[in-house]
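First up is the structure itself, then whatever we jot down about it.
The values are calculated or read from the model by the stated rules, or taken from the named source; none is laboratory data. Worth saying up front: this structure is predicted, and the values here are computed from it rather than measured. Neighbour counts are summed over all protein chains in view; Cβ atoms, including those assigned to glycine, are modelled from backbone coordinates with ideal geometry.
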Amino acid sequence: MKKIVLFFAVIGISAIAINYSSCTRDLNPVEEEVANDLNLADEESAVGFTLSTRAIEVPPCLDLSCLDTCRDVLGVRLMAGQFYEAGNVYVVNTPEKLYVGYITSGDWKMRAVHLYVGTCDNLPVNGAGNLVPGDFPHKVEFTSLQNFYYVEIPLDLLPEGCVCIAAHADVVKVVGGEIVQSETAFGEGTPVGNNWFMKFDYCIAICEQACYYDETAWAAGTRYVTKGNWATYTPYVANTTVNIYAGRNYLVGTATFSEVVDGKVTITLAALNGARLQDIAEPVKIQGYVSPPPANNPSPGLFTTYKGNATTITVDAYAYYGIHLDVQRVVDCPEL
């Protein structure tokens, strides 16, 4: 499975804005207009499943490679009028969903897309066996010219194994603000029927199963007591990051301290090695201490500075912090 570093809190893809992480690129004026004006709602397809659609602002990168995917992204050329390369179509799946993304390049823009994903036997064709994009289950016409669009489909609504994908787009070439060429475009693959309209195959990958073990974790620092309990408290130093260990020596994350602003410090928690917070009401417990530092066994359940499940926490400034987490760390799955 391709892994990316995740915050302890699960960040929903739809919440990611135009800040694309490492895959960011500047929007041109046409894209900015679309990003500001185009608000596409989820649409129910003709085959009975709901396709979630977004434009411009998500997912975290345009070629889908920044998703936590189960396999490498499959990319094919978006061919306009059979002979013109107008961009690319990207396909990949996560453990829960399959994503199909369209992105145009150069002077090419999209006015509409039509998409089919399913068994090859059910490809929408006419009597001559040619693809009919107007009959594809998912279709959308944009209110402004678009150069990025994606669709996400829950895997449980798709057949297992390999699927046929017919990715059609109505594209135009824009030069000097004027449309100079209009073409039908398809994701490159195998022609269907008697014309050049194409489909391509994608095999859904099964993600590696992850197994977890519940652990207590503490931000690294000085032990509260020298014998018995291994819990640690952390001296506050502005703009520093300390490791978080579970079970005393397994690295599961980091805690970063901000500068003091108006008597407050922001603590940012991030996960490492696939760890995550336990699904309980208050997996994060923080206690601040003034000088001298604490010297007794801590009781995380009685911590008062912060208790909850946030991973970015603003608290009063203290000389020391006890940061206790209830986490799940990744372990080898038992053999069946």
Q | Filter result (surrounded by fewer than 21 Cβ atoms within 10 Å (Cβ to Cβ) and either outside any strand (DSSP E or B) or not hydroxyl-bearing (S, T, Y) (or both)) within the stretch 254-266 | A | S258, E259, V260, V261, D262, G263, K264, V265
Q: Taking only the stretch 234-253 into account, find how many residues are in a strand (DSSP E or B) and either at pLDDT below 95 or of a type outside the set (V, I, T) (or both).
A: 8
**Q.** Residues that are of a type in the set (A, V, I, L, M) and at pLDDT below 90, drawn from the stretch 92-120
**A.** V92, L98
Q. Considering the stretch 222-233 alone, what residues qualify as being in contact (Cβ under 8 Å) with a residue 24 or more places away in the chain and in a loop (DSSP other than H, G, I, E, B)?
A. Y224, V225, G228, N229, A231
Q: For N229, state whether it is at pLDDT below 95, more than 29 Å from A210 (Cβ to Cβ) and not small (G, A, S).
A: yes
Q. Hey, among the residues in the stretch 291-335 that are β-branched (V, I, T) and outside any strand (DSSP E or B), which one's nearest to Y245 (Cα to Cα)?
A. T311
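Identify all residues within the stretch 222-261 that are of a type in the set (F, W, Y) and either in contact with a Gly (Cβ under 8 Å, 6 or more places away or on another chain) or closer than 20 Å to Q278 by Cα (or both); write none if there are none.
Pass one, the stretch 222-261, residues of a type in the set (F, W, Y): 224, 230, 233, 236, 245, 250, 257.
Within the stretch 222-261, Y224, Y233, Y245, Y250 qualify.
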Q: Restrict the check to the stretch 201-218 and report whether at least one residue is in the same structural domain as L78 (by TED's automatic domain parsing) and touching a His at 6+ places or on another chain (Cβ under 8 Å).
A: no
**Q.** Odd one out for L269 among (1) modelled with pLDDT of 95 or more; (2) part of a strand (DSSP E or B); (3) surrounded by fewer than 21 Cβ atoms within 10 Å (Cβ to Cβ); (4) of a type outside the set (S, T, Y)
**A.** (3)
**Q.** Any strands (runs of 3 or more DSSP E) falling wholly within the stretch 117-190 and containing at least 3 residues that are more than 19 Å from N93 (Cα to Cα)
**A.** 138-146, 162-175, 178-187
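Would you be able to tell me the number of residues in the stretch 283-336 that are charged (D, E, K, R), more than 21 Å from S258 (Cβ to Cβ) and either loosely packed, with under 15 Cβ neighbours inside 10 Å or in contact with a His (Cβ under 6 Å, 6 or more places away or on another chain) (or both)?
2
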Q: Scan the stretch 272-290 for residues that are more than 26 Å from K227 (Cβ to Cβ), among the aliphatic types (A, V, I, L, M) and outside any loop (DSSP other than H, G, I, E, B) and jot them down.
A: L277, V284
Q. Are any residues in the stretch 68-90 hydroxyl-bearing (S, T, Y), within 28 Å of I206 (Cα to Cα) and assigned to a strand (DSSP E or B), and if so, which ones?
A. Y90
